[in-house]
1. For the range 1-10, what are the residues that are of a type in the set (G, A, S) and out of contact with any helix residue (DSSP H, G or I) (no Cβ under 6 Å at 6 or more places or on another chain)?
2. Any chance you could count how many residues in the range 25-58 are of a type in the set (A, V, I, L, M), surrounded by 10 or more Cβ atoms within 10 Å (Cβ to Cβ) and assigned to a strand (DSSP E or B)?
3. If we scan the range 3-16, do we find a residue that is in a helix (DSSP H, G or I) and in contact with a Lys or Arg (Cβ under 6 Å, 6 or more places away or on another chain)?
4. Confirm whether L19 is out of contact with any Cys (no Cβ under 9 Å at 6 or more places or on another chain), outside any helix (DSSP H, G or I) and at pLDDT 95 or above.
Amino acid sequence: MQIINRAALAAQLAAQARLTQGQADSALQALEKLVVLRIKRGDCIQLDGFGLFERIEREPGRQVLIFRPHRSVNEEMNR
């Protein structure tokens, strides 16, 4: 298993979306900030065909972010 950091992911995103590396990195940074901000507010974020990000309480006073993949993602992972 390889860990992909944001710079490497931005490079791949730039190539896929025909963006500059800087644009892709800025987009990833903005996405990270927005996800955390909206989750802290109590919202869930659903990316159609990808999955759902939501906050749950593991124990009193301890909130964690979880990701529930869409069925199609699970199917693709198991091909």
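1. A7, A8, listed by residue number.
2. Within the range 25-58, residues that are of a type in the set (A, V, I, L, M), surrounded by 10 or more Cβ atoms within 10 Å (Cβ to Cβ) and assigned to a strand (DSSP E or B) number 3.
3. Start the filter on the range 3-16 by keeping residues that are in a helix (DSSP H, G or I), which leaves 6-16.
Adding the requirement that they be in contact with a Lys or Arg (Cβ under 6 Å, 6 or more places away or on another chain) leaves none.
No, because not a single residue in the range 3-16 is in a helix (DSSP H, G or I) and in contact with a Lys or Arg (Cβ under 6 Å, 6 or more places away or on another chain).
4. Taking the combined requirement at face value, the residue satisfies it.
The values are calculated or read from the model by the stated rules, or taken from the named source; none is laboratory data. If you're wondering where the values come from, they're calculated on a predicted model, not measured in any experiment. Methodologically, a virtual Cβ is constructed for each residue, glycine included, from the backbone with ideal geometry; neighbour enumeration extends over all protein chains shown.
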